[in-house]
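See structure below.
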Amino acid sequence: MTEALGRIDGRMRQAGFLASRTTVDAIVLPEAEQVDLRVTVEAGPQSILRNVVVEGADAKKPLVARAIALTPGAPVDPRAVGETRRQLYDSGVYRGVEINLQPVAAAPSSTDPAAAPTQLVDAHIRLLERPRGQARLARGNG
């Protein structure tokens with residue numbers, strides 16, 4: 001059950017529902033000698049990436065541009081945020097990589113009453129370059 005709930009939460013977040021909550025209620029049916037489980041998912045608003053802002057480097061430099069796995073107009077996927085952070089840090093050029101998602105404004109409401117509300121967000125990437133001549137040491141297994 002725990003694994004199933006984790007998969008639900010993971011899929012919701014990958015779809016941009018960063019504030020989703022999943023709860024389980026147990027309903028005991030003594031006469032049937034069983035317990036029914038009711039899973040409830042509260043999606044919350046879907047976070048849609050509006051813009052990516054890079055500080056501390058030129059976002060158009062190939063090293064930076066290739067590392068950014070975030071797509072404006074798409075739902076915010078925490079895996080893409082993590083991948084962007086990892087690729088920038090692993091380049092060895094930056095001693096620090098901070099990525100903050102900042103809400104901008106609610107997106108226009110859909111005419112479909114079943115559609116989830118959306119929240120536009122900007123991804124602010126702050127890069128701290130290593131001092132010239134300083135190399136990052138690879139971690140060993142010893």
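The values are calculated or read from the model by the stated rules, or taken from the named source; none is laboratory data. Just so it is clear, the model here is predicted, and its values are computed rather than measured. Using ideal geometry, Cβ is built from the backbone for each residue, glycine included, and neighbour counts are taken over all protein chains shown. Calculation scope for accessible area: heavy atoms of the full protein, side chains included, ligands and nucleic acids excluded. Shrake-Rupley method; radii C 1.70, N 1.55, O 1.52, S 1.80 Å.
Computed over protein heavy atoms with a 1.4 Å probe, the accessible surface of the chain works out to 67 Å² per residue. Computed over neighbours whose Cβ is under 10 Å from that of Ile99, the net charge equals +1, Lys and Arg +1, Asp and Glu -1.
Calculation over all alpha carbon pairs of the chain in 10 angstrom steps from 0 returns a P(r) of 10, 30, 25, 19, 10, 5, 1, 0 percent.
Cα-Cα pairs above 14 Å in region 1-79: how many percent? Here the long-distance tail beyond 14 Å is 71 percent of all Cα pairs in region 1-79. Packing around the peptides 3-13, 44-54, 22-32, taken as the average count of other Cβ atoms within 10 Å per residue, puts them in this order, highest first: 44-54, 3-13, 22-32.
Between Asp58 and Arg11, what is 0.36 nm times their sequence separation minus the Cα-Cα distance? Round to one decimal in nm. Intermediate results must be reported in sequence, preceding the final value.
On the way: separation 47, 0.36 × 47 = 16.92 nm, distance 3.27 nm.
Here the segment from Asp58 to Arg11 would lengthen by 13.7 nm.
Leaving ligands, DNA and RNA out of it, report the carbon-plus-sulfur percent of the accessible area of the chain at a 1.4 Å probe.
Values: 4870 of 9460 Å².
Ligands and nucleic acids excluded, carbon and sulfur give 51 percent.
Rounded to the nearest whole Hz, the Karplus-based 3J(HN,Hα) values (6.51 cos²θ - 1.76 cosθ + 1.60, θ = phi - 60°) of region 33-38 follow the sequence 6, 8, 10, 9, 10, 10, with x at glycine and proline.
Which Cα, out of Ala116, Ala15, Ala26, lies furthest along the positive dipole direction of the chain (beta carbon charges, K/R +1, D/E -1)? The residue sitting most towards the positive pole is Ala15.
In plain terms, the chain from Val39 to Ser91 could stretch by 14.5 nm, reckoned as 0.36 nm per residue minus the Cα-Cα distance.
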